[in-house]
Amino acid sequence: ETHALDGVRIVADLQTTQFRFAGAAIDPTRRNIWFAPAQARIGIRLDARRLQQAQFDLSEHAQVAASQGAFVDAAFDPVTDLVWLMPRAARAVVSYGAGTLQLFSEHNSFPSDVSRVHTKKFHGGVFDGRAIWLAGYGVGRVVRFDTRTGLMVSIDYRSEVMHTSSELVVF
């Protein structure tokens, strides 16, 4: 009964104005749920077994600190044991060590046709086991981010032209 009440309290805390989240990822091995911060500068890792939460602070990271509506979703990669935060208005794709709560990497080399967008860049994303596919918000683009190499490729919805972060590729 105490765990049930703690769970209700945690969920209530997640809904306050201080903590606003847009999406979550599940680490099935540890049974942790990672909440991606949308209107907060901290993320939450919820231990679903013990109903305990831990926070990870994003405010110290330059690519994230200035963002409101920073992230739109999260994904867990069991191969690398990383949790990926998918940007909405943040200027980087960010990963954290699932077991450590420590920042692992920030990737901000968006293709030029996407990096020119100054506000919300993405509306959602999905992880396919290697790459994160980000759906462009108002730019007519999908960005494929390879989590192993860091390469980002922009795909125009309306053509077969793809833009990478360093070159133009035409099919």
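Listing D146, D73 from fewest to most neighbouring C-beta atoms within 10 Å gives D146, D73.
Quick check: net charge around L101, other residues with Cβ under 10 Å of its Cβ, Lys/Arg +1 and Asp/Glu -1?
0
A simple count of charges around D146, restricted to other residues whose Cβ falls under 11 Å of its Cβ and scoring Lys, Arg +1 and Asp, Glu -1, yields +2.
Here the Karplus curve 6.51 cos²θ - 1.76 cosθ + 1.60, taken at θ = phi - 60°, turns the phi angles of the stretch 50-57 into couplings of 9, 6, 10, 10, 9, 10, 10, 8 Hz, with x standing for Gly and Pro.
Residue-wise HN-Hα couplings along the stretch 70-77, as the Karplus relation 6.51 cos²θ - 1.76 cosθ + 1.60 with θ = phi - 60° gives them from phi, are 4, 10, 10, 6, 9, 9, 10, 10 Hz; Gly and Pro carry x.
The numbers here are math on the coordinates, done by the rules we state, and not lab data. All values reported here derive from a predicted model rather than from experimental measurement. Neighbour counts run over all protein chains shown; Cβ positions are idealised from the backbone, glycine included.
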